[in-house]
1. Ile174 - would you say it is in contact with a Lys or Arg (Cβ under 7 Å, 6 or more places away or on another chain) and hydrophobic (A, V, I, L, M, F, W, C)?
2. Run Ala321 past the list (1) closer than 23 Å to Tyr37 by Cα; (2) in contact (Cβ under 8 Å) with a residue 24 or more places away in the chain and report the number of the one that doesn't hold.
3. If you go through the stretch 280-317, how many residues are without any contact (Cβ under 8 Å) to a residue 40 or more places away in the chain and either aliphatic (A, V, I, L, M) or not in a loop (DSSP other than H, G, I, E, B) (or both)?
4. Can Ala65 be described as surrounded by fewer than 15 Cβ atoms within 10 Å (Cβ to Cβ), of a type in the set (A, V, I, L, M), at pLDDT 95 or above and not assigned by TED's automatic domain parsing to the domain that holds His183?
5. Name the single residue, out of those in the stretch 7-28 being crowded, with 17+ Cβ neighbours inside 10 Å and of a type in the set (Val, Ile, Thr), that is modelled with the highest pLDDT.
6. Go through the stretch 233-258 and report how many residues are of a type in the set (Gly, Ala, Ser), over 17 Å from Tyr340 (Cα atoms) and not in a loop (DSSP other than H, G, I, E, B).
7. Just need a number here: residues in the stretch 259-270 that are part of a helix (DSSP H, G or I) and in contact with a Leu (Cβ under 8 Å, 6 or more places away or on another chain).
8. If we only count strands (runs of 3 or more DSSP E) wholly inside the stretch 75-170, which ones have 1 or more residues that are of a type in the set (S, T, N, Q) and touching a residue at least 12 places away in the same chain (Cβ under 8 Å)?
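The values are calculated or read from the model by the stated rules, or taken from the named source; none is laboratory data. Just so it is clear, the structure is predicted and the values come from calculations on it, not from any experiment. Cβ atoms come from the backbone with ideal geometry, glycine included; neighbour counts cover every protein chain shown.
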Amino acid sequence: MLTDAMLTDAFLAETPRERTLDEIKEESIARAERGGYPLIGLDPADVREALQSIKTLDRDEWAAAWIALGDRYYAKAQAAADGTEANANYLRAWRLYSFGRWPVPSSPGKQRAYTKALQAFLAAAKMLDPPLETVRIPFEGAQIVAYMRLPKASGAVPVVLAISGLDSRKENLIDSFGAILPHGIGVIAVDGPGTGEAPIKVSQTADRMFSRLIDHLLTRAEIDKGRIIVHGVSFGGYWSAKLAITEHARIRAASAQSPAVHAAFQAAFVEHKLLGNREYLFDYAPALTSVFEGAKSVEDLKVAFPRLSLSAQDLLGKPSAPMLIIGGALDTQVPISDAYLLLASGDAPKEAWINPQGGHLGRQPKVWPEPVIFNPVLIPWIVRQANTVGL
């Protein structure tokens, strides 16, 4: 029988090296061809064309290649004779710009790509029905920026509070969660701390940002106050898991994909699994460092990470909302022992979908790609939670 210690030892057994530029190109094309993250929705032909002009690992050079291609489709969208054609080209431009800033806008060029991604996405969003509302909530001298879509209904509706991960954004989530609207459930999507347009960076108290957003939802007449469901993906899964405990009295349920809980925040994880992680396309350590206030190096992360542990914060034994935990037993970014630890804690029964052959988020190329997990696994669970009486 595998123990937690054995799983952790296996998780830390090998430290891979960083990908070279040629390896990044090869892997990017392979993921585009199979619809793998972070190239979901990108045309492989576009990916090949952009990569041909990238000769170094310089971040501005990377961004420039994707911006040039995105600009082409943005111009096509503006010149389009009908809304359908315009929408398709705006979305194509958005995906290209967004990959140009991936994983985080860590240079002037990547920041420019991110700005263009927002512009292209919002241009496409003007054609959405039901419409997209940009919600701006005052918060600590700044603002929380979120996107909300609600189904057409005669009364108050349930809503999913969707939290992005380290390198995904609220734009990705509001796009994916369009699938929930036909079920009579709305969605409000927000960037996680330290990412996108979030007003604060990651800390052990950054969940206060989501509590403020819940405060806002409770003021909205269109939303059923007793049916707020939280979902988080990757780093967003951590926040979702934490909110299941800290906000259990105000939310109906929470789902979390590959949530870091304890082992993923230890120094051993930073030392052995940050640099050169092969599930992550590139720049995993720089991306994680960027979301922490004042962090400049992996050494800084070794100090900051352990503070986030839900065990260290004495939260794991506390009452919680019902949960769904999605993960992969072969995940190299978050050890599966964290999912098991969360499953065994608290006072409320939890459900799990664990792919024994899956990696991060439970993904398994060609068998369980991200959309296949999202639609047949996650969406039905959320619908069931929203419609269950007596929780």
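1. When the stated conditions are applied, Ile174 passes them.
2. Going through (1) closer than 23 Å to Tyr37 by Cα; (2) in contact (Cβ under 8 Å) with a residue 24 or more places away in the chain one by one, Ala321 breaks only (1).
3. At the first step, the residues of the stretch 280-317 found to be without any contact (Cβ under 8 Å) to a residue 40 or more places away in the chain are 285, 289, 294-303, 314, 317.
Those left that are additionally either aliphatic (A, V, I, L, M) or not in a loop (DSSP other than H, G, I, E, B) (or both): 285, 289, 295, 298-303.
Summing the residues that are without any contact (Cβ under 8 Å) to a residue 40 or more places away in the chain and either aliphatic (A, V, I, L, M) or not in a loop (DSSP other than H, G, I, E, B) (or both) in the stretch 280-317 gives 9.
4. Numbers: surrounded by fewer than 15 Cβ atoms within 10 Å (Cβ to Cβ): no; of a type in the set (A, V, I, L, M): yes; at pLDDT 95 or above: yes; not assigned by TED's automatic domain parsing to the domain that holds His183: yes.
Answer is no for this residue.
5. Out of the qualifying residues, it is Ile24.
6. Looking only at the stretch 233-258, we keep the residues that are of a type in the set (Gly, Ala, Ser), and these are 234, 236-237, 240-241, 244, 249, 253-256, 258.
Retained after the next criterion (residues that are over 17 Å from Tyr340 (Cα atoms)): 236, 249, 253.
Then drop every residue that is not not in a loop (DSSP other than H, G, I, E, B), which leaves 236, 253.
Selection size over the stretch 233-258: 2.
7. First, the residues of the stretch 259-270 that are part of a helix (DSSP H, G or I): 263-265, 267-270.
Now restrict to residues that are in contact with a Leu (Cβ under 8 Å, 6 or more places away or on another chain): 263, 265, 268-270.
Residues in the stretch 259-270 being part of a helix (DSSP H, G or I) and in contact with a Leu (Cβ under 8 Å, 6 or more places away or on another chain): 5 in total.
8. On the way: elements: 133-139, 142-149, 157-163.
In the stretch 75-170, 133-139, 142-149 are the strands (runs of 3 or more DSSP E) which contain 1 or more residues that are of a type in the set (S, T, N, Q) and touching a residue at least 12 places away in the same chain (Cβ under 8 Å).
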